[in-house]
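Quick notes on the structure that follows.
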Amino acid sequence: MCLKAVLEDTPPELAADIMEKGIIMSGGSAQLRDFDEFFKRSLGVSAYIAEEPILCVAKGTAIVLNHLDMYKRTLLNRRS
């Protein structure tokens, strides 16, 4: 299953956080009936639907754009 393959390829520190805290689902797919339950059963990981999942990406993008100087420095430093 692709979901398990993604978790298997995830760095150990991040995978441990996911296993401990679960995942937060966003976007339109998060609103599919019982999709969070599907993740719980398939992966054995808690899954939660974000508040206003359809707006999460737009709101996150707005935050980045409002603080673009800070994020530019962060992104440029990661490439080095």
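The values are calculated or read from the model by the stated rules, or taken from the named source; none is laboratory data. Just so we're clear, the structure is a prediction, and the values are computed from it rather than from any experiment. Don't worry about glycine lacking a Cβ; one is built from the backbone with ideal geometry, like all the others, and counts go over all protein chains shown.
Would you confirm, using the coordinates I've provided, whether Thr10 is among the β-branched types (Val, Ile, Thr) and either in contact with a Leu (Cβ under 7 Å, 6 or more places away or on another chain) or loosely packed, with under 11 Cβ neighbours inside 10 Å (or both)? Here the answer is no, as Thr10 does not meet what is asked.
In this entry, Thr10 passes the filter for residues that are at pLDDT below 90 and under 13 Å from the mean Cα position of the chain (by Cα). Checked against the criterion of being in a loop (DSSP other than H, G, I, E, B), within 16 Å of the chain's Cα centre (by Cα) and not charged (D, E, K, R), region 48-62 has at least one qualifying residue. Among residues of region 56-80 that are closer than 25 Å to Met25 by Cβ and among the β-branched types (Val, Ile, Thr), those with a beta-carbon under 8 Å from a residue that is modelled with pLDDT of 90 or more and surrounded by 10 or more Cβ atoms within 10 Å (Cβ to Cβ) at least six positions away or on a different chain give the pairs Val57/Ser26; Val57/Gly27.
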